[in-house]
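Below: the structure, in C-alpha cells.
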Amino acid sequence: MAKADYLISLIKTHYEGDAERFTTVALQTAAYEAKLGHVFVAEEIRNLVDKAKANKFRTKTFSSDLEGLIIESEADLRRSDLIVSETTQSKIDRVISEFIQRDKLRRHNLQNRRKILLSGPPGTGKTMTASVIAHELGLPLYTVLMDKLVTKFMGETSAKLRQIFGLIQQQVGVYLFDEFDAIGGERSRENDVGEMRRVLNSFLQFIERDNSESLTIAITNNRRLLDTALFRRFDDVITYDLPNEEEKLELLQNRLGPYAKDLNLKRLLPQINGLSHAEIALACLDAIKTTVLDDKKKITNALISKAIEERNLAYHSH
Ligand SMILES: Nc1ncnc2c1ncn2[C@@H]1O[C@H](COP(=O)(O)OP(=O)(O)OP(=O)(O)O)[C@@H](O)[C@H]1O
Ligand SMILES: [Mg+2]
C-alpha cells in the first residue's frame, strides 16, 4: 500500500467507529514509515497508540447534561511529592492498597474503602491527595464543580447529583467533590446554611446508596460540617494539618530540589510559622524565580528567608 492508502484507511475506520481496526491501521502505518527509515514518525505513532490504550477509561464522553459540571484532569502527582503526617500518609496508602486488592477483599465479602472525606485547613494537600490517588491507581480524575451543581431549585440539584452518581457507577474513576463549603460561603448571606444542608443531605443519600467501583472523595475545610451524620456515610475520614518541623524541612527539600544542595535549610524553620504547605511551596518558587531572573548562580538562605517573610506578611495581614 502507499501512504495515501493508509491515510484513507485511517479516515474510513475512524468514521466507521471501528476502534480496533483503527489501531491496527495506525500500527501498520507506523511499520510502513519505519521501513522508509522515518523512525521518529514511526515512534511517535506507536507512542500515540500506546497512550490511547493506557487511557481507554478516558475515551467516553460525558452526556451533554453533565458538561460544564465535571472536569476531567490528568493526574500526574506522585505520592512522594505529598508531604503529610505519618498517620495521614498511612491512611492514604490504605485507600490505595485496598483498591488494588479489592477483588481479594470481595472474595471475603469485604469492600475496599471507596468513600473518603478529607478535612483540614487550606493549602495542606487535600486536593493534591485526590490527584495522587488517581495517579497511583491509574484512574481518571473527575472533579465535580460544586458551585455549578447548586441551583436555586433543589429538585434540579438532586437531578444533577443523580446523573453524577449514575456516571460514578458507570465509569470507574476518582470523583472529587471539592470544597463543599464553597457552596455555603457563596450564599451565606441569606438562609444558606439551610440550602447547603439540603444539598449536603441529598449528596449523602446518593453516596450512601452508591455501590460502584469508583472512589468518591469529598473535601471540606469547614469543621462545622463534620457532624456524625457525615462521618457515618464515609468509609474513612482523613485529616490534614499545617506542617510540623519535620514536614516543613521535607517540603523545603522537595521544592527546592537541587537548588538547596549546599544550604542548611534547618536554619529557616523557626521563621516559618503558621504557614501552610501551599504557602511554603510558593515561597520556594519565589526564591527559585528570583535566582533564575537575576542570573545568580546559587540560591541562598537569605533569599528563601525573604520569600518566606513575604508569605508570612501576606498570610498574617488578613
Ligand atoms: N501536603 C503537601 N505536600 C506537598 N505540597 C503541598 C501539600 N499541600 C499543599 N501543597 C502545595 O500547595 C498546592 C495547593 O495544595 P492543595 O490544593 O492540595 O491544598 P488544599 O488542602 O486542597 O487547600 P484548599 O483547602 O485551599 O483547597 C499543591 O498543589 C502543592 O503544590
Ligand atoms: Mg483544595
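Extent along the principal axes, Cα only, for region 3-54: 31, 28, 10 Å, with the longest axis given first.
Charge tally around residue 269: other residues with Cβ under 12 Å, Lys/Arg +1 each, Asp/Glu -1 each, net -1. Each principal axis of region 245-316 carries a Cα extent, and these read 31, 24, 17 Å when sorted largest first.
Using Cα positions and a limit of under 17 Å, work out the aspartates and glutamates in reach of residue 51, with same-chain residues fewer than 8 apart set aside. The reachable aspartates and glutamates, counting only those whose Cα sits under 17 Å from residue 51, are 20, 43, 72, 74, 76, 136. Hydrophobic, long helices, defined as DSSP H runs whose alpha-carbon span along the helix axis is 15 Å or greater and whose mean Kyte-Doolittle value is at least 0.5, occur in the chain at 277-294. Sequence-distant contacts, meaning Cα pairs under 8 Å at least 6 residues apart, place the relative contact order of the chain at 18 percent.
Each Lys and Arg contributes +1 and each Asp and Glu -1, all at the Cβ; summed about the Cα centre of region 3-54, the dipole is approximately 40 debye. Scanning residues 5 or more positions from residue 216 or on other chains, those with amide H under 5 Å from its amide H are 115, 116, 175, with H placed 1.01 Å from N in the peptide plane. Which one, 52, 231, 305, is farthest towards the positive end of the dipole of the chain when Lys and Arg carry +1 and Asp and Glu -1 on their Cβ? Going by the charge dipole, the pick is 231. Using equal-weight Cα scatterers in the Debye expression, the normalised intensity of the chain in log10 at q = 0.11, 0.14 Å⁻¹ is -0.89, -1.12. Each of the peptides 38-47, 275-284 was scored by the mean count of other Cβ atoms within 10 Å over its residues; in descending order, highest first, they stand as 275-284, 38-47. Report the antiparallel proportion of the DSSP beta bridges in the chain as a percent, rounded to a multiple of 5. Of all bridge pairs located within the chain, approximately 20 percent are antiparallel. When 115, 104 are arranged by Cβ crowding within 10 Å, least crowded first, meaning fewest neighbours, the order is 104, 115. Packing here is the average count of other Cβ atoms within 10 Å per residue, and on that basis the peptides 304-314, 130-140, highest first, run 130-140, 304-314. Counting only residues at least eight positions apart within a chain, or on another chain, the lysines with an alpha carbon under 28 Å from that of residue 298 are 248, 261, 266, 289, 306.
Rounded to the nearest 20 debye, the dipole magnitude of the chain is 480 debye, with +1 charges on Lys and Arg beta carbons, -1 on Asp and Glu beta carbons, and the Cα centre as origin.
Net charge dipole, region 245-316: roughly 260 debye, given to the nearest 20, about the Cα centre with Cβ charges of +1 for Lys and Arg and -1 for Asp and Glu.
Since every read-out is calculated from the coordinates, none of them should be taken as a lab result. Given the structure is predicted, the values throughout are model-derived calculations rather than measurements. No Cβ is skipped: glycine too gets one built from the backbone with ideal geometry, and neighbour counts run over all protein chains shown.
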